[in-house]
Structure formats: C-alpha cells, structure tokens
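Structure, as structure tokens:
A short reminder: the numbers here are calculations on the coordinates, not readings from a lab. This one's a predicted model, so the numbers in the text were calculated from it and none came from an experiment. Using ideal geometry, Cβ is built from the backbone for each residue, glycine included, and neighbour counts are taken over all protein chains shown.
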C-alpha cells in the first residue's frame, strides 16, 4: 500500500455559505449483516476499526466542521449508540426499508431547512478536510443534487491493489464517495428515482431503459463523456445533477467487505503514525 493521499487544498471562501444538516445512514440492510455478525455487532456502523467504532469516526469528523450545523443519524435502533459520547448532541431518525427511502423520508420533512449532506456510517476514513472540501465545492454549484466522486487515475495511483467499482466514460472513470449534497427542494426528485432504482436490482434493463438506447450504446462503447452523462441524468431525474471531483483517494473507500476492513485499518494505522511523528517534531521544536 503506497500510503495515504496527501494533498494541499486551496482554501475556499466559506463565510457566505449556508450551514448544512448532515444525515448519516446507519441502518441495517436486512436482519443480519454478515460483516457485523462476524465482528459480533448488531450493526455494521458499530464495528470497531483500529479500535474505534466506524460511526464514531464519522461523527467525530462531522462535529469538527463549522459548516455542519446539525447531525442526524438514520438508524433502526438508536439504543445501540447509547454509550457513544459523540452522539450526545445528535438527533435520530427512524431508518426506512432502504438507504434511499431513509433519505427521502427525512428530506421530504426537513429539506426546506437548507442544504443536506448525506453520508454513511461505514465511511470510516472520512476526515473534516474531506467534508469541508466537498460541502464548499458543492455549494458553489448550481445543481440541485451534487455527488462526490474520485477519479480512477487518482485512486489507482494511491491504492493499485484495492478493488473499487468505477463508472467508465469517454473522458475518464470515477468511483462514488458516499458524499451527497441535496442543495434544493428539487433534489427530492433525484432521491425518488434512487428509491425506484432499488426496485430494479434484479431487472437492470428496466433502469437502463429510462436513459434511452442511444445513451446506453454510447456508454457501452465509452463514447459518453461526463457532461453529457450529467445532462442526461438531470433530464431523467428531473433535477440538476453536479459532481465534485474529490482530491482524496481515501474518500472512495468505505467498509463493505472484510478486505475493505483490512485496507481501512492499514490506512488508519499510517495516519496515526504520521500524527505521532508530527507531534514529536512539534515537541522537539519547542525544546
């Protein structure tokens, strides 16, 4: 593993940006999650990674970001976080039958209160810098819903052995980051499509047919560039869709498999070592 991505991010003016509400998806997918079961936990969100539950890592990062006004955890049983000190100022929302349905249920009730950041409790490598970068860049967009992505070139340069799913287009390939910003009430249209798309998992042709045969062929032949893909997606979803190209390879890594767990723990070990080294250098400079 080459190491952790280190980038210098140019500061972005934040003073004029409205604060966001963060919705963290922490519900269970089915009665028994195999990864959680193996770790002896009821919820994947509670699996310790390098000694700290994943959801605690996510909440800690969100709490450190000034743009984040409120944090809401969408979960089916809030009692599992009763001993989590970081959840002290967090509100809870009863999760629905799917992540998309949970987002829609909360957004339809609270979306008018301002932009809403959506992420997942298994995003154990999430950092305050990632959140700040995504939120500021996304809020400078004129899209209704903004999606964070990482380029295949950046990811493979940092983690060539880690397996990710990339969407191949004519001008590059991208992986998702489990970071979404619902900027306007119109974003609900995109979330409703996301809910319907979940019904087509066993009939993908139904989903593909909504985008048109011509676009499907161009996609398969890798002739569809990302501006065209976004325009087509915006037309089908009924909401303007934008992207934020994240300069952090780790933003594309969540914990879905045992291999992901191993990868994330290695990265966190490297991060901790870097922090200890930096602290030691600072201490030496004070002497």
* **Spatial separation of Cα centroids for region 61-130 and region 30-55, in angstrom** => 17
* What FRET efficiency comes out for the pair residue 223/residue 34, r = Cβ-Cβ distance, R0 = 35 Å, nearest 0.05? -> 0.35
* To do: Evaluate 2.2 N^0.38 Å with N set to the residue count of region 15-159, then give the Cα radius of gyration divided by it.
  => 1.06
* To do: Mind grabbing the base-10 log of I(q)/I(0) for region 20-273 at q = 0.09, 0.13, 0.14, 0.17 Å⁻¹? Debye formula, identical points on the C-alpha positions, no solvent, two decimal places.
  => -0.39, -0.85, -1.00, -1.50
* To do: List 17, 261 from most exposed to least, where exposure is judged by having the fewest other Cβ atoms within 10 Å.
  => 17, 261
